[in-house]
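Here the structure comes first, spelled out in structure tokens, and everything after it is commentary.
The values are calculated or read from the model by the stated rules, or taken from the named source; none is laboratory data. All values reported here derive from a predicted model rather than from experimental measurement. All Cβ positions, glycine included, derive from the backbone under ideal geometry; neighbour counts span all protein chains shown. These accessible areas exclude ligands, DNA and RNA; they are computed on the full protein's heavy atoms, side chains included. Shrake-Rupley method; radii C 1.70, N 1.55, O 1.52, S 1.80 Å.
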Amino acid sequence: MNDSEYMRMAIELAKRGCGYTSPNPMVGAVIVKDGKVIGQGWHEKYGELHAERNALISCKVSPKGATMYVTLEPCCHYGKQPPCTDAVIESGIKRVVVGSGDPNPLVAGKGIKILREHGIEVEENVLKEECDKHNEIFLHYIRTGLPFTVMKYAMTADGKIATRMGKSKWITGEAARGYVHKQRHKFSAIMVGSGTVIADDPLLTCRIPNGKNPLRVVCDSRLITPFESKIVKTANEVKTIIATCCNDRDKISEYEKTGCRVMNIPERNGHIDLSVLMKRLGEDKIDSILLEGGSTLNWSALESGIADKAQIYIAPKLFGGESAKTPIGGMGVEIPDSAFRLKNTEIIRIGDDFLIEGEVEK
């Protein structure tokens with residue numbers, strides 16, 4: 001096996017931490033000696049041992065003289081855990097192969113520099129593109145301080161998110177809906193508008209075995225989310241934020257009694273200023289958001305520039321109907337050249353449905 005193949009092993013290990021390491025990155029490490037894997041590890045949970053230390057602990061023979069493959073530059077500062085560079089140096093590892101550099105100012109090349117200063121050979125940027133992609137949330141958050149926000153919606157092949165009667169269950173099949181629950185496990189928060197809560201009364205939880213429920217965020221400018229909604233009724237069980245422009249202290253207090261946290265956000269064009277909301281959520285260490293709102297919130301997300309990526313599920317169905325809702329509402333653009341464009345797009349088949357995924361070009 002070569003460096004790329006061992007790094008792919010490390011990437012697969014890193015993915016096991018998906019949903020549990022936030023706001024830390026997912027990291028995997030593989031230790032190879034005399035052509036044999038002698039240690040493997042990954043960052044399993046925020047606050048716990050990092051991948052490098054887990055891999056070293058798993059070694060059944062001495063790692064002295066071995067090569068370590070790690071998907072992200074080893075840390076060199078004290079946080080929840082001591083520096084991984086110390087553990088690598090003390091172990092006698094001879095060579096370290098790194099996938100991505102760590103943009104955290106506390107690391108940012110310093111980890112690699114320290115290893116080299118101690119006589120360890122370091123090979124950088126092996127499968128960098130793949131390593132960067134699986135850590136796109138961390139890389140975005142550490143560089144901007146803002147949550148990585150993905151706008152997700154499901155529609156028919158003729159671009160409808162509901163019938164003319166407003167019915168939307170179900171557009172996609174079970175396989176696609178199962179994939180969405182995996183995404184809910186992956187992201188720190190899920191966001192909808194109050195209109196979606198009123199129309200659909202969703203629970204917005206993760207329904208996969210051992211799945212992690214995301215923080216639920218409801219954008220509710222006027223504070224009209226029904227107290228009888230599933231979200232409010234379960235706010236003591238699943239963390240819930242209602243973001244609002246309303247300053248009615250008595251009304252806010254009633255929501256707080258249910259377990260909801262009410263976050264007051266300034267108004268912009270008659271709605272919550274989403275840019276301010278993102279900044280506040282980022283300060284609360286929310287590194288990622290899955291936007292599952294309706295057409296109004298989708299347009300606001302595009303217009304305000306908070307959407308970083310789009311996940312568009314397309315079902316091979318046709319609803320028709322001039323009045324049937326489409327995914328993006330609002331004013332829309334005036335001319336085709338003003339369109340919001342997606343780049344680096346991928347098409348994935350999930351059951352009978354298709355997922356188009358792409359980055360929103362800023």
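Only one of V217, V238, V232 is in contact (Cβ under 8 Å) with a residue 60 or more places away in the chain, among the β-branched types (V, I, T) and either under 15 Å from V262 (Cα atoms) or surrounded by fewer than 17 Cβ atoms within 10 Å (Cβ to Cβ) (or both). Can you tell me which?
Numbers: V238 fails: in contact (Cβ under 8 Å) with a residue 60 or more places away in the chain; V232 fails: in contact (Cβ under 8 Å) with a residue 60 or more places away in the chain.
After applying the criteria, what remains is V217.
Yes/no per residue for (1) crowded, with 18+ Cβ neighbours inside 10 Å; (2) of a type in the set (S, T, Y); (3) under 29 Å from D284 (Cα atoms):
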| residue | (1), (2), (3) |
| --- | --- |
| G119 | no, no, no |
| E123 | no, no, no |
| V126 | yes, no, no |
| E130 | no, no, yes |
| I137 | yes, no, yes |
| L146 | yes, no, yes |
| T149 | yes, yes, yes |
| T156 | yes, yes, no |
| G159 | no, no, no |
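Taking the stretch 175-184 as the search range and keeping residues that are without any contact (Cβ under 8 Å) to a residue 40 or more places away in the chain and among the charged types (D, E, K, R), which one is most open to solvent (accessible area, probe 1.4 Å)? My answer is K182. Residues in the stretch 303-362 that are β-branched (V, I, T), in contact with a helix residue (DSSP H, G or I) (Cβ under 6 Å, 6 or more places away or on another chain) and modelled with pLDDT of 95 or more: I306, I350. Of all residues in the stretch 19-38, those that are within 15 Å of D3 (Cβ to Cβ) have Cβ atoms under 6 Å from Cβ atoms of residues that are surrounded by 21 or more Cβ atoms within 10 Å (Cβ to Cβ) and charged (D, E, K, R), 6 or more apart or on another chain, in A29/E52. Residues in the stretch 297-312 that are closer than 20 Å to N344 by Cβ and either open to solvent by 10 Å² or more (accessible area, probe 1.4 Å) or hydroxyl-bearing (S, T, Y) (or both): L302, G305, I306, D308, K309, I312. Only a single item in (1) under 17 Å from the mean Cα position of the chain (by Cα); (2) of a type outside the set (G, A, S); (3) modelled with pLDDT of 95 or more is not met by K133, and it is number (3). Identify, please: which residue in the stretch 145-165 is closer than 24 Å to I348 by Cα and aliphatic (A, V, I, L, M) and is, among those, nearest to the chain's Cα centre (by Cα)? In this case the residue turns out to be V150. Of all residues in the stretch 240-276, those satisfying the criterion of being among the polar types (S, T, N, Q) and more than 13 Å from S194 (Cβ to Cβ) are N247, S253, T258, N264, N269, S275. Would you point out the residue of the stretch 185-202, among those that are at pLDDT 95 or above and assigned to a loop (DSSP other than H, G, I, E, B), that is surrounded by the fewest Cβ atoms within 10 Å (Cβ to Cβ)? Looking at residues that are at pLDDT 95 or above and assigned to a loop (DSSP other than H, G, I, E, B), I get S188. Residue selection: T144 fails the criterion of being in contact with a Lys or Arg (Cβ under 7 Å, 6 or more places away or on another chain), of a type in the set (S, T, Y) and farther than 20 Å from Y20 by Cα.
Scanning the stretch 305-344 for residues that are within 19 Å of the chain's Cα centre (by Cα), closer than 18 Å to L291 by Cβ and free of Cβ contacts under 8 Å to residues at least 60 places away in the same chain turns up G305, L342.
Residues of the stretch 5-54 that are open to solvent by less than 60 Å² (accessible area, probe 1.4 Å), of a type in the set (S, T, Y) and modelled with pLDDT under 95: T21, S22. Candidates are the residues of the stretch 55-79 that are under 24 Å from the mean Cα position of the chain (by Cα) and not in a strand (DSSP E or B); the one that is surrounded by the fewest Cβ atoms within 10 Å (Cβ to Cβ) is G79. Checking each residue in the stretch 203-232 for being in a loop (DSSP other than H, G, I, E, B), under 22 Å from V180 (Cα atoms) and not basic (K, R) picks out L203, L204, T205, C206, I208, P209, N210, G211, N213, P214, S229. Exactly one residue out of A108, A29, A14 is among the small types (G, A, S), assigned to a loop (DSSP other than H, G, I, E, B) and within 29 Å of A189 (Cα to Cα): that is A108.
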